[in-house]
Amino acid sequence: MGWLFFWWAPPCSCAILVLGLLAASFGVQQHERDPSAAGMASSAIGWGVTIALAAMFFIYVAMENGIGIWSAEYAKRIANGITSMTTLAPMFFYAGLTSGRAAASPVLRHLSERKLVLGALSLAAGATALLIASRSLPVASVAVFLAGLGCASVYPIYIAWLSRWYGTRAKKIGGMLFALGSLGGASGPGLIGAVSKFSDSLRVGLLVPLVCATAMIGLVLLLRRQTAA
């Protein structure tokens, strides 16, 4: 039963971290209020938006870590063994992630942040579906790269929204959101493993990141009326 400890220890540790940050007092710093900075935080931002953004932080990191960690195992099962290509599968994902973040700035000159996030999440969802349906290493490698490309710009834009929507409150709220992101990163791969074990199929387990991408698309659309990102 020792494997249960290693399975649940990271999520439990992150959960304790989240509770600690919620209860912690970081003191009050005396700074002269900048009216222009304070005005950046919309008065319409309430608990509904905060909960949705917290869920997006948690779900995104769960999806990114889940695909990145399980891609090598999935490639190994397609190839019926370990090869040089199967061990390089995570590299394709992180290559897409890195190149996508490098290209995000030029793209944002022509697209709004919301449209870019929706397009990126749609690409991640489509790439994950392609990965699940793949039957060969070349197709799986392309799918993993595209999944990384789709994930690339999402998290940085979430952080930009946090800063814009909450203004001077962003630093206080950000600690909780980043802790939730860490909790998602610890939980995502374990959830894929649990679903795979229960269904006896890693293809079924990879439905978890597909559901994650779809859920985030829904959350971004729901936030459209409440924010002006």
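Some notes on this structure:
- Of the residues making up the stretch 143-162, just one is more than 15 Å from the chain's Cα centre (by Cα) and without any contact (Cβ under 8 Å) to a residue 24 or more places away in the chain, namely Ala143.
- Test: residue in the stretch 103-115 that is surrounded by 21 or more Cβ atoms within 10 Å (Cβ to Cβ) and either under 26 Å from Arg224 (Cα atoms) or in contact with a helix residue (DSSP H, G or I) (Cβ under 7 Å, 6 or more places away or on another chain) (or both): no
- Any hit, the stretch 44-67, residues being within 20 Å of the chain's Cα centre (by Cα), exposed (fewer than 14 other Cβ atoms within 10 Å of the Cβ) and not hydrophobic (A, V, I, L, M, F, W, C): yes
Each value in this text was obtained by applying a stated rule to the coordinates, not by laboratory testing. Everything numeric in this text was worked out from a predicted model, so none of it was measured. With ideal geometry, Cβ positions are generated from the backbone for all residues, glycine too; neighbour counts draw on all protein chains shown.
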